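Taking it in order: structure first as C-alpha cells, then the write-up.
The values are calculated or read from the model by the stated rules, or taken from the named source; none is laboratory data. Remember, predicted model here, so these are calculated numbers, not experimental data. Quick reminder, even Gly has a Cβ in these numbers, built from the backbone with ideal geometry, and neighbours come from all protein chains shown. Heavy atoms of the whole protein, side chains included, go into the accessibility calculation; ligands, DNA and RNA do not. Shrake-Rupley method; radii C 1.70, N 1.55, O 1.52, S 1.80 Å.
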Amino acid sequence: WKVIAAPESNVLNGQGFNIADPSLGGHVVWSDPEVSGSWNSSIINSDERSNYVRSNSNNDWQWVIGFHNQRAAKINSFKWRKPISSGENKTFEKVSVSIAKESPTGPWESIGAYDLSSIENTIELEQSVWARYVKFSIDGIKQSESTYLPNTIRIFEHPNDDNYRSIL
C-alpha cells in the first residue's frame, strides 16, 4: 500500500465531509412515514428532485440517517435545503434533531430544534457531538396534509485535526 496524504491533511479547506452523502456511505436507515422505495434519492441525494408527500395520520414525521458501515462520527453542522420548486406549496418550517450513539432506534439525545425559514438552512452546533445515527423530527403534521420533503439533508463531519480522524 502507499500513503497518498498525511492524516492531518486538510483536503476540504477546514470543512468536514458530508457523511450523509450516499456516495460516501450515508443512508436513510428508516423513516416514518415511509417516503418511497428510494429514500436516499429523495432525501440525501442533491441530484434528485424532492418528493411531495401526503400524511396518512397525525403522527410526527421522522427520518434517521446513518453513516458509512454504521460508524460513529463527530458531527459539527447540518444543512437542510428546501425544494426550490415548492412555490406556494407547504414545506417544513421547523425541525428537531436528535442523535443516537448505539442504535437506529435510540436511545435518543436531543441536540436542538431549528428554524427552517430559508431555502438553505445551515445548523452549526456550538460543540461537535458524537453520533452513529441522526434523527430529524417534524411535529404538527395533520392527516391528509401534503408537504414537500427537503431537497437535501447534509451532515458534516468534524474536520480532520490532531485529535480526530474521519470515519472515511
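Within region 79-102, restricting attention to residues that are out of contact with any Phe, Trp or Tyr (no Cβ under 9 Å at 6 or more places or on another chain) and modelled with pLDDT under 80, which residue is least open to solvent (accessible area, probe 1.4 Å)? My answer is G87. Checking the stated criteria, A72 turns out to be open to solvent by 20 Å² or more (accessible area, probe 1.4 Å) and within 21 Å of F17 (Cα to Cα). Condition check: out of contact with any Pro (no Cβ under 6 Å at 6 or more places or on another chain) and either open to solvent by 50 Å² or more (accessible area, probe 1.4 Å) or at pLDDT below 70 (or both). Does V28 satisfy that? So V28 does not fit the description; no. Remark: I123 matches the filter, which requires a residue to be hydrophobic (A, V, I, L, M, F, W, C), in contact (Cβ under 8 Å) with a residue 40 or more places away in the chain, surrounded by 13 or more Cβ atoms within 10 Å (Cβ to Cβ) and closer than 20 Å to G16 by Cα.
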